[in-house]
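Peer 1: First the structure, which I've put down as structure tokens, then a few questions once you've had a look.
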Amino acid sequence: MLLARGRQTYYNELKTLRRQTMKNVRVRYAPSPTGYLHIGNARTALFNYLFARHHEGSFIVRIEDTDVKRNVDQGIENQMNYLKWLGMDWDESIDKPGAYGPYRQLERHEKLNVYKDYANDLIEKGLAYKCYCSPEELEAEIEEKKARGESNLHYSRKCLGKPDQDAPYMVRFKVPDETTYTFDDIVKGEVTFRSEDVGDWVILKRNGIPTYNFACAIDDHLMAISHVLRGEDHITNTPKQLMVLDAFDWKHPTYGHMPLIVNDNHKKLSKRDADIIQFIEQYHKLGYLPDALFNFIALLGWSPDKKEEILSPEELIKRFDETRMSSSPATFDKEKLAFINNRYIKALSNEEALDLCKPFLIDENIGLEQDESWFVDLIEVFKDRLSFGAQIVDLYRDFFEKPFILEGDVLEFIKQDGVKALLETFKNMVENMDPLASDTLKKAIKEAGKETGMKGKMLFMPLRIAVSASMHGPDLPKMMNLMGKERLIKRLEYTIRHL
RNA sequence: GGCCCGUUGGAGAAGCGGUUCAACUCACUAGCCUUUCACGCUAGCAUUCACGGGUUCAAAUCCCGUACAGGUCACCA
């Protein structure tokens, strides 16, 4: 090994540590700071988190920032904040140093020279070599092969065995001949790749920074990662990482490749997919609840063994079973998300629901002149039908601003005998009511029923229709109260005229 | 093109050789319920698991092939 003395000590210490923790479950989520927290990343993080917590292991967040050009300011900060917002915490990371740090690859590269050391070691053993080809040369090589119709677009190895030159170079891994890489994937079962299918790939870029596959394999080992749970798009990376592990005679972690999340067209969820909201931050801003999202994401490629699908984070941790991950793609079902989030909103207290919704109303200048009790009434009436917080604005507008039209079955229903008398009786009561209140309205409904001899469905349905033009909806007295006296009377009159 | 993975109702999704195995959820449809919640309750909704062949006493479940779909083949991660 070509390690400096100080670093040698570092590695020795790590080795001892790894022995001690070998039996522990240690998983990692390894985001790159190239963007904000995406639904796909969140799923990867979440499954690793659930797996770690279920098995009482460690959950590590390692930053893979080796693509210096694409790194985005605030990328990591945003991702970690939203991981927390979703309800995940971790045991080791850049903000929570553990024994296996540093947890940022660029830092490992710059301060400890980790990857270069190992790359040099491979070069010395003849398992890797320097490549002096220019990007243009490489591109030309590929174009040529394509033109000849070759299916194997792998690097020609023309730099293999070249003497050292005083020129920029990258380091390529010399892929072994006729070697089979088989691993028992938790999700997919036994998967096999042949080394012929992998070209000599770059482990160190021209700028000296390692490529993903190299850094990842090394760090997974150095950090004693026991299980690697990641998206299926990584499955073809696995043989590359296995050959690095083998080159150093390191133990393989257990791999599990989770199904891709696809859109309605069964295409991999892409950040450019305009149809689906992609970033957790956006869901937050629309008034989705973290636990609901946590629940929904956990169902992307995994299903519980019991019937119930609405599960709290604690229940999910308890029930998580990695063998129940699906091997076919998980479709992002927007309707299901809406349903799940609605279930969580319904479970909120009125105060919590108000906190969630009020900002959206204020943003739209709705209810500025109203007092707090008006907001409480509004939320109470609509809470059960909200798919997400911001929807309160639409619900408000539908209720207060949509034209009131009676037609179809609704009109049919109120044309029945006795409806007119009922509505008129009720209207008179409302006219004498000052101010309006839910409980007085409720009493008035009873009273009007008694007076006109209408009861049950024949009592409530006409009134419901007369105020909302619908046969379904929220609690009747509360809805009337929210509507206000003037509008309520107007609608009753309008309905009576149309009988 | 090579390699890898997948294909169960309108949608999500379970089941992975045989005891109600075609669960469950969403959506939809129908009926019903309220003088304390009509986004509530109940019921209905794939005689069939892409297609073709094979193995087996027995296959959605195992094997082979076809079709279709996707992923991946970067000095990105």
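The values are calculated or read from the model by the stated rules, or taken from the named source; none is laboratory data. Note that the structure is predicted; figures quoted are calculated from it, not measured. All Cβ positions, glycine included, derive from the backbone under ideal geometry; neighbour counts span all protein chains shown. Surface areas here come from the heavy atoms of the whole protein model, side chains and all, with no ligands, DNA or RNA. Shrake-Rupley method; radii C 1.70, N 1.55, O 1.52, S 1.80 Å.
Peer 1: How many Å² of accessible area per residue for chain A, probe 1.4 Å?
Peer 2: Working: 24440 Å² over 499 residues.
I get 49 Å² per residue for this part.
Peer 1: Right, another one. How do A:Arg148, A:Arg497 stack up against each other in accessible area, from largest to smallest, with a 1.4 angstrom probe?
Peer 2: If we order A:Arg148, A:Arg497 from most to least accessible, we get A:Arg497, A:Arg148.
Peer 1: For chain A, take the longest principal axis of its alpha carbons; what is the angle in degrees between that and the long axis of helix A:419-431, to the nearest 10 within 0 to 90?
Peer 2: Approximately 90 degrees, to the nearest 10.
Peer 1: Note down, for segment A:330-453, the three equivalent ellipsoid semi-axes (square root of 5 times each alpha carbon gyration tensor eigenvalue), biggest first, whole angstrom.
Peer 2: Calculated on Cα positions only, the semi-axes equal 33, 21, 14 Å.
Peer 1: Please list, short to long, the whole-number percent of alpha-carbon pairs of segment A:221-357 in consecutive 5 angstrom bins beginning at zero.
Peer 2: 2, 8, 15, 17, 17, 14, 11, 8, 4, 2, 1, 0, 0
Peer 1: Moving to a separate point now. Only four residue types carry charge here, +1 at the Cβ of Lys and Arg and -1 at the Cβ of Asp and Glu. Report the dipole size of segment A:117-258 about the Cα centre in Debye, rounded to the nearest 20. If you can, show how the numbers build up before the last one.
Peer 2: Working: 17 positive and 26 negative charges, 29 e Å.
Approximately 140 debye in magnitude.
Peer 1: Where the only charges are on Cβ atoms (+1 Lys, Arg; -1 Asp, Glu), what is the dipole of segment A:453-499 about its Cα centre, to the nearest 20 debye?
Peer 2: 40
Peer 1: Rg and Dmax of chain A over Cα atoms: what are they, in angstrom?
Peer 2: For chain A, the Cα radius of gyration and maximum Cα-Cα distance read 31.6, 105 Å.
Peer 1: Take segment A:134-283, compute every pairwise Cα distance, and split them into 5 Å bins from 0; I just need the percent in each bin.
Peer 2: 2, 7, 14, 16, 16, 16, 14, 10, 4, 1, 0, 0
Peer 1: Taking C-beta distances below 4.7 angstrom as the pairing criterion, name the unpartnered cysteines of chain A, in sequence order.
Peer 2: Isolated Cys, chain A: A:Cys133, A:Cys216, A:Cys357.
Peer 1: Can you give me the solvent accessible area of A:Asp89 with a 1.4 Å probe, rounded to the nearest 10 Å²?
Peer 2: Number for this one is 80 Å².
Peer 1: Oh, and also: From Cα pairs below 8 angstrom and at least 6 apart in sequence, can you work out the relative contact order of chain A, rounded to a whole percent? The partial results should precede the final answer.
Peer 2: Working: 683 pairs, mean separation 61.2, N = 499.
Once divided by the residue count of chain A, the mean separation gives 12 percent.
Peer 1: Kindly provide the GluC sites (Glu not before Pro) of segment A:147-198 that DSSP labels as loop, not H, G, I, E or B, and whose Cβ sees at most 14 other Cβ atoms within 10 Å.
Peer 2: Working: sites: A:Glu150, A:Glu178, A:Glu190, A:Glu196; in loops: A:Glu150, A:Glu178.
Answer by residue number: A:Glu150, A:Glu178.
Peer 1: Could you sort A:Arg491, A:Arg272, A:Arg194 by their accessible area in this structure, using a 1.4 Å probe and putting the largest first?
Peer 2: Ranked from most to least accessible, the order is A:Arg272, A:Arg194, A:Arg491.
Peer 1: Largest first, how would A:Phe279, A:Phe400, A:Phe294 line up by accessible area (1.4 Å probe)? Write out the running numbers ahead of the final one.
Peer 2: Details: A:Phe279 50, A:Phe400 25, A:Phe294 0 Å².
Descending accessible area places them as A:Phe279, A:Phe400, A:Phe294.
Peer 1: Give a quick list of GluC sites (Glu not before Pro) in segment A:358-432 that DSSP marks as loop, anything other than H, G, I, E or B, with at most 11 other Cβ atoms within 10 Å.
Peer 2: Details: sites: A:Glu364, A:Glu369, A:Glu372, A:Glu380, A:Glu401, A:Glu407, A:Glu412, A:Glu424, A:Glu431; in loops: A:Glu364, A:Glu369, A:Glu407.
Listed in order of number, the matching sites are A:Glu369, A:Glu407.
Peer 1: A further question follows. Could you give each residue of segment A:112-120 its phi-based ³J(HN,Hα) in whole Hz, using Karplus coefficients 6.51, -1.76, 1.60 with θ = phi - 60°, and x for Gly or Pro?
Peer 2: Ordered by residue, 3J(HN,Hα) equals 10, 6, 3, 6, 5, 4, 5, 5, 4 Hz.
Peer 1: Okay, moving on. Of all the accessible heavy-atom surface of chain A, with the other protein chains kept in place and a 1.4 Å probe, what percent is carbon and sulfur?
Peer 2: Here carbon and sulfur together make up 47 percent of the probe-accessible area.
Peer 1: On to the next question. Run the helix sum for chain A: -39,500 (n - 2.57) per DSSP H stretch of 4+ residues, divided by residue count, reported at 222 nm to the nearest 500 deg cm²/dmol.
Peer 2: -14000 deg cm²/dmol
Peer 1: Within segment A:362-399, find all residues whose amide N lies under 19 Å from a label point positioned 7 Å from the Cα of A:Phe460 along Cα-to-beta-carbon.
Peer 2: Counting only backbone N, you get A:380-385.
Peer 1: Rounding to the nearest 20 debye, state how big the charge dipole of chain A is about its Cα centre with +1 on each Lys and Arg Cβ and -1 on each Asp and Glu Cβ.
Peer 2: Magnitude of the dipole: close to 560 debye.
Peer 1: I'd like the per residue volume of the convex hull spanned by the Cα atoms of segment A:350-401, given in cubic angstrom.
Peer 2: Details: hull volume 3.6 nm³, N = 52.
Given the Cα convex hull of segment A:350-401, per-residue volume reads 70 Å³.
Peer 1: As I understand it, the dipole of segment A:117-258 uses +1 on the Cβ of Lys and Arg and -1 on the Cβ of Asp and Glu, about the Cα centre. Which of A:Gly126, A:Thr236, A:Phe183 lies farthest toward its positive end?
Peer 2: Selected residue: A:Gly126.
Peer 1: Quick one: pull the percentage of alpha-carbon pairs in segment A:380-452 with a separation above 17 Å.
Peer 2: Values: 1686 of 2628 pairs.
In whole percent, the share of Cα-Cα pairs in segment A:380-452 beyond 17 Å is 64.
Peer 1: I would also like to ask the following. Tell me, what is a quarter of the convex hull surface for the C-alpha atoms of segment A:71-124, in nm² with one decimal? All intermediate terms of the calculation are to be shown ahead of the outcome.
Peer 2: Details: hull surface 19.8 nm².
For segment A:71-124, averaging the hull's shadow over all directions gives 5.0 nm².
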